[in-house]
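A short worksheet on the structure shown next.
The values are calculated or read from the model by the stated rules, or taken from the named source; none is laboratory data. Everything numeric here is computed off the predicted structure, so don't read it as measured data. Cβ: placed from backbone, ideal geometry, glycine included. Neighbour counts: every protein chain shown. Keep in mind that these areas ignore ligands, DNA and RNA; they rest on the heavy atoms of the full protein, side chains included. Shrake-Rupley method; radii C 1.70, N 1.55, O 1.52, S 1.80 Å.
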Amino acid sequence: MATEFYRMDAGDIFEQVRSSRHGLSSEAAGRRIAEHGPNALEEGKRISQVRILLGQFKSVLVGILAAAAVLSFMMGETTDAAIIVIILLLNAGIGFFQEYRADRAISALRRLSQPRARVLRDGRQKMVDARELVVGDVVVLEAGDRVPADARLFDAKSLRTFEAPLTGESAPVAKDATMRFVGTAPLAERATMVYAGTSVANGSGRAVVVATGMRTQLGRIAGLMQGIEDEQTPLQKKLAVLGRYIGILTVVICFIVFMAGFLREGDWLEMLLIAVALAVAAIPEGLPAVVTISLAIGVQKMVRKDVLIRTLSSVETLGATTVICTDKTGTLTYNQMTVTAAYADGTLAMVSGRGYDAAGAVALQPGMEAGFETLFRIGALCNNSAIEDGTVIGDPTEAALLVSARKARLDIDALARQHPRSDELPFEPARKMMSTVHYVERKRVQFTKGAPEVIVARCSRIWERGKERRIDRDDVKRILTQNKGFAHQALRVLAFAYRPLGKDERPIEEDLIFVGLQAMIDPPRKGVKEAVATCATAGIKVVMITGDQEPTAVAIARQIGISGDAITGEELDRHIDLDAAVEEISIYARVSPEHKMRIIKALEKRGHVVAMTGDGVNDAPALKRADIGIAMGKAGTDVAREASDMILIDDNFVSIVHAVELGRTIYGNIRKFVNYMLSSNLGEILVIFLASVFAWPLPVTAIQILWINLITDGFPALALGVDPGDRDEMSRPPRHKGENIVNRTMAVTVLVTAVLVAAGTLAVFWHYAFSGEPGMAAKAQTMAFTTIVALEIVRIYVIRGEHRLGLLSNWWLIGAVLFSILLQLAVIYSPLAAFFGTVTLGLADWGIVAMTALSLFVACWAVRAVQGLFPAWSPKAF
C-alpha cells in the first residue's frame, strides 16, 4: 500500500496514518514503535559466537587429526594426543578471534552510521534517533539531511534530493508536494515522495512518514538478498578437496601397513602403533593453522591499507578475481562535480584542479579577464549551496560553481555581502533554469543560469569584451556548437546570463544578456586510471555498472582506461543472449539492481570469479551475489556493508589493487606451504612404509614424527605465511577458477622430493642400524630423526628459490629456522633426550647429516633444471 501514497492528497494521507501536520505525541509514537518495531533494516541471521567457534572444526583435516588424537589417547600415548589437541585448539582460537573481531568491527561501523532525524513531536521540533521514527511522524527536511524513512511530502520549497543510492540517478531530483498523478509512475518520478536512504540536496520540506524499516523501498531491496545463499570460496573448496584426498590416502596406507605387519608379525598392538605413526606423518597438522594465520596476517595488512575484511577467505578470493564490476559515482569518481572548462567572450578557458578543493586556476588569455569574471560571479551568486570544512551543503553542481569562482580569485563571502539577494525564482525542471536578484551598485540585477539551449533561446543580447550587443545567428550557432562539444565529452553544461531590473520589477526570464558557459564533470579519483591499468596487466577486467547516462559513463570509462562496448539497461532488457555478449561489454548504464544480478550471473556462467564494488542500496543484491562483494565504508549504506565480504574504509578503488596483490601473495604462500608440508610428510610416510616393507625397526617413533611436524617443521612453515610476493605478482593472469592447489608440476616435485627425503633418511638409518656395532638402535633412530629435520629445512629454501625470493627477504623465516635448530639440539643434548629416546651425536655424525642435506639441495636443483627443458613442466606453473 505504501507504493500508492504518492498518488494520494496530503489530507487523505494524514487521515489514513492517523496524524496531522503537527505530528504525533510522544505517547502515540511510543505505542506505535512498540506495536510495529523500530525503523531499522533486518540484519539477517547473525552468526553466533558458538557457531563461529564450531565452524573452525568443520575441516576434514581437523576431523582426521581429532580421530588420531582419540586413538593415541586410547593407546596410552597421552603426550601425542595432548599435542594434537593443543594444535587443534590453537587453530580454532585463531580463526574464531579473527572472524569475531571482523564481525565486531562491522557492528561498530554500523553504529557510527546510525542517522538522526528532525521530527515534530508534541507540537515541537526535536532530534531523535532515526530508529525511533514511526508511521505518522512528521519529519522536517533541510539541505544535507539524510531522509530517515519513506514519507509523503506536504510542504516543499525548492526541495531536491539525491536518490542515487536508491535509483542510481546521480543528478538531484526535484520534488513537488502538490503534483497530481493520473496513473502509476516509476519510483524515480514520484515527486511527492522522499525515500529512506536518500539525502536532501537543497531546499527544505516537511513530510509525513508512511513506511519504516523493511517496509520502505530500501527495505524491499534489502529483502532481495535474503534468498541468496553464501557459497564456499575457491580456497575453501580446494582445501576441502585436498583434505579428502589426504584422508583417503591416510586410511588406505595405514590399513595396508597394519594388515601386512599383522599378517607377518602377528603383533597387532605394535602394528597399530606404526599405523598411528603413519597417520601422524600423513596428515599436515599445520595446514588449517597456516591457512588461518596467513589469511589473518593478510587481514591485518589490509586494515593498514584501509580495507576491512569481513571473512578471512575473502582475501584469497579477491586474489583469484578475473572481473571487477564497479559503480561509477563515488567509487571510480569522487562524487564531486568539478568545473573543467569555461566559455566567455568567444574563447575557451580551461580550469585546473578537481573536487571541492579550491587549489587550481583558470587559464585565461590576456585581456579576457572581464568576461570570465562576470561569468564566475554569476555562478557564485545565483547559487543556494555552500561548502563548509570541505563538506557540501546543497547541490554539488552549484558547489562546483563556487569552487570555480574561487579559482578565478573571487571572494565568495565578499560577493554575498556586496551584492545581497533580494528575490529568487527557484529551479524547476519545467523551466530548466534558476534566477536570483541582487543589488549591484544600488541597482537590481537578475542573474540566471540553466540549460544552454533554454538560456540562449531567451537571450536578445550578448556580453562580449566588456560591452553589450545584439546577439545574432552566428553567436547562437557558435555557443551551441561549443555546448555540443562539451556534451560529447560527457560534461554537464550550464549557461549564464543576466538582465537589469527596475526598482520593483519581478524577475523576468526573457530578454536576457548572454555571458557564457561552464562545463563540469564528476572527475575520476586520483590513481584510478593507474589501478585500472594494473588490473589489465594482471588479467583482470574492470566493468563499470552505473545508473548514470550512457555518454557520461562512456566518457569516464575512456578517461580511466576501461575499454569495451557500452549498453544501457533498456537495451539489456532487449538483449536475448547476454551470456554470449558479456565478454565484450565493459560499460553498463542506466541499470537496475535486477540488471546487475543478471550481469553477475552471466559473468559467472563464463567461469569468472566476480568482485563487485559499490556503495548504494542498489548495489547490495549484486554485492551479495558476487564471489566477493566490496562495499564503501564512508559513503556505503548499511545494506551494502551488510551484503559485502570486504569494506573499503576510505572508499578508494585503488585499494582494491593492493587487495588483489595481497590475495595472490597469500595464496602463493599457502601453496608454498602445501608444497613443503606434502613433500616433507610424504617423505616421512615413505620412511615408515618402506621400513615396514623391509621388516626394519621403526627409523623414527610416533612422538618424534609429531615433534618434526608440529614443532621443528611447524615454525618455519608458519613463517612462509609472511613471505613477500613474487616481483611479477601483478604481471601474471589470475589462476583458473578450477585450478587445484596441487597442480601437475607440484605433484611431480612433491613425489620426487619425498623419494629423495626417504632415500637419504633410510640410507643414514641403515648405515647405523645395520653396522654390526652393539647398542646402535637408539643412535640410528636419532640420526634418522635429525636427518629428516635437516632435509626438511633445506627443502623450505629450495621452494623459496623456485619463487626467486632472496635468502634474507623473510626475517621471520630465518628466526623460525634458527629456533627449530635450537629445539632439535635441545631434544638431543638436554634432559628431554630421555623423553624423546635420543642419544648424543658426535661431530662425524653431524657431518653425515650435513652431507645428506646438501645432497637434497643439489638433487632438487637438478630436477628443476630438467623441468626447465620442458615448458609443460616448467616451475612457472607453480
Computed log₁₀ I(q)/I(0) - Debye formula, equal Cα scatterers, no solvent, the stretch 648-711, q 0.12, 0.14 Å⁻¹: -0.52, -0.60
Rounded to the angstrom and largest first, Cα extents along the principal axes for the stretch 121-195 equal 35, 26, 21
Under the 7 Å Cα-to-Cβ spin-label approximation, Ser20 and Ala487 lie apart by a distance in nanometres of 5.2
Of all the accessible heavy-atom surface of the stretch 385-494, with the other protein chains kept in place and a 1.4 Å probe, what percent is carbon and sulfur? 49
Cα-centre dipole for the stretch 650-729 with unit charges at Cβ (Lys and Arg positive, Asp and Glu negative), debye to 20: 400
Residues of the stretch 163-204 with amide nitrogen under 16 Å from the 7 Å Cα-to-Cβ point of Lys432? 174
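Solvent-accessible area per residue for the stretch 386-440 at a 1.4 Å probe radius, Å²? Intermediate results must be reported in sequence, preceding the final value.
Details: 2570 Å² over 55 residues.
Per residue, the stretch 386-440 has an accessible area of 47 Å².
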Sorted from largest down, give the three principal axis spans of the alpha carbons of the stretch 538-578, whole angstrom values. 31, 24, 13
Nearest-0.05 FRET efficiency for Leu54 and Met214 at R0 = 41 Å, using Cβ-Cβ distance, is 0.90
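Please give the length that would be gained between Ser204 and Trp846 if that part of the chain were fully extended, namely 0.36 nm times their separation in residues minus their C-alpha to C-alpha distance (nm, one decimal).
222.6 nm
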Counting other Cβ atoms within 10 Å, which trypsin sites (Lys or Arg not before Pro) in the stretch 372-415 have at most 15 and lie in a DSSP loop? Arg409
Suppose R0 equals 35 Å. What FRET efficiency, 1/(1 + (r/R0)^6) with r the Cβ-Cβ distance, do Glu4 and Arg124 give to the nearest 0.05? 0.65
If each residue of separation counts as 0.36 nm, what is the full-extension length gain between Ile256 and Leu415 once their alpha-carbon separation is subtracted? 48.0 nm
At 1.4 Å probe size, with no ligands or nucleic acids counted, give the accessible surface of Ile256 in Å², nearest ten. 90
Students often get this wrong, so check it: of Lys157/Lys432; Lys432/Lys467; Lys601/Lys672, which have C-alpha atoms separated by over 22 Å? Lys432/Lys467; Lys601/Lys672
Rounded to the nearest 0.05, what FRET efficiency do Arg31 and Glu424 have when you use their Cβ-Cβ distance and R0 = 41 Å? 0.45
Take the alpha-carbon centre of the stretch 153-194, take the same for the stretch 532-576, and report the distance between them in whole Å. 28
Whenever you get a sec, compute what percent of the accessible area on the stretch 536-607 sits on carbon and sulfur atoms (1.4 Å probe). 48
Over the stretch 718-793, give the accessible area per residue in Å² for a 1.4 Å probe, as an integer. 41
Which order do Tyr245, Tyr195, Tyr797, Tyr829 take by accessible area at a 1.4 Å probe, largest first? Tyr245, Tyr829, Tyr797, Tyr195
With 10 Å bins from 0: P(r) over the stretch 387-518, alpha-carbon pairs, percent: 11, 39, 39, 11, 0
For the residue pair Ala826 and Ala457, what label-to-label distance in nm results when each label sits 7 Å from Cα along the Cα-to-beta-carbon direction? 8.7
Nearest-10 value in Å² for the accessible area of Asp150, using the 1.4 Å probe: 10
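Assuming a ≥ b ≥ c are the square roots of the Cα gyration tensor eigenvalues, decide whether the stretch 581-631 counts as rounded (a/c under 1.5), prolate (otherwise, with a/b larger than b/c) or oblate. Write out the running numbers ahead of the final one.
Details: a/c = 1.89, a/b = 1.24, b/c = 1.52.
Oblate, since a/c reaches 1.5 and b/c is not below a/b.
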Taking a temperature of 4 °C and a viscosity of 1.567 mPa s, what whole-number D in µm²/s does Stokes-Einstein yield for the stretch 483-583 with Rh from Kirkwood over alpha carbon pairs? 75
Karplus 3J(HN,Hα) series, Hz, for the stretch 728-735 with 6.51 cos²θ - 1.76 cosθ + 1.60 (x for Gly, Pro): 9, 4, 9, 10, 10, x, x, 5
Between the stretch 17-40 and the stretch 324-362, what is the C-alpha centre distance in whole Å? 45
Among Thr701, Thr786, what's the order by accessible area (1.4 angstrom probe), most exposed first? Thr701, Thr786
